[in-house]
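See below for the structure under consideration.
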Amino acid sequence: ADHPWPEEPFLRYVTTSPFGVLTRRRLPKEGFYVVRRLFREQRGLAEAAPSAGEEFPAGRMVNMVRPHLRGIPDVRFPAGFGIRSMRPGEASVWTDIQRDAEPFLDDITDELFYREFGSDLPATARRCFFIVDDRGVAVGTLSAWYDRDFKGQDHGRIHWVAVRPAYRRRGLAKAGMSYALQRMAEWHERAYLVTQTKRLPAIRMYLDFGFVPDLEPDGARQAWREVREQLPHPLLASLGL
């Protein structure tokens, strides 16, 4: 962690060490997540992941999988909107969008972006995107992330989809999904995502884009029964839950 540093003229009177991976208040800095990943790799430890069926403010945690990346729906952005890759130093923009868009969580911290993507920050320039308006202002975000060992196979991962409330009902999330999946198809053969059972509009969109419920984890069938009771969708009806 950072700690008090002697005042010396050749250091321009720096009074806090610049070398910690945590701040003096023990909050993670960017380097923390890189160091953690390297440590876990050396020890042969896997990153902890939420369990399917685990309860959150947005409902039970569930997985959805797309067994192939063929036939991705081609959804275009409405006039005046587009998408671009994330640039270095824009983590605060991503965080602001998530806070604005999130209806269930009130603990989105400044460290969340680095916790989610800090293990491979260079990849954010290729895999994290901002949906922008005609002035270039970011109004939404989503990521075509990855997991090298989901169910023992390499998968792309749709991650942290969010659109500011003032810009919803314009098809921006669907157009962003189309773009992210098409990019993902350049690198992966299959994809998955993690969501929660109360996020019904998002689940409907994921189903329409070819993602199907993962019923293998413990508690998954019961979680998806709860979704089916609230969300009429042909795919859910066909599962025989």
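Brief remarks on what is shown
- Test: residue in segment 166-179 that is of a type outside the set (Gly, Ala, Ser), in a helix (DSSP H, G or I) and in contact with a helix residue (DSSP H, G or I) (Cβ under 7 Å, 6 or more places away or on another chain): yes
- Residue match in segment 219-241 (condition: open to solvent by 10 Å² or more (accessible area, probe 1.4 Å), of a type in the set (A, V, I, L, M) and at pLDDT 95 or above): no
- Checking the stated criteria, residue 138 turns out not to satisfy the condition of being touching a residue at least 24 places away in the same chain (Cβ under 8 Å), in contact with a Cys (Cβ under 9 Å, 6 or more places away or on another chain) and crowded, with 17+ Cβ neighbours inside 10 Å.
- 3 or more residues of a type outside the set (Ser, Thr, Tyr) and touching a residue at least 12 places away in the same chain (Cβ under 8 Å): qualifying helices (runs of 4 or more DSSP H) within segment 189-241: 200-208, 220-230
The values are calculated or read from the model by the stated rules, or taken from the named source; none is laboratory data. Small disclaimer: the values here were computed from a predicted structure and weren't measured. So basically every Cβ, Gly included, is an ideal-geometry build from the backbone, and we count neighbours across all protein chains shown. We work out accessible area using only protein heavy atoms, side chains counted, and drop any ligands, DNA or RNA first. Shrake-Rupley method; radii C 1.70, N 1.55, O 1.52, S 1.80 Å.
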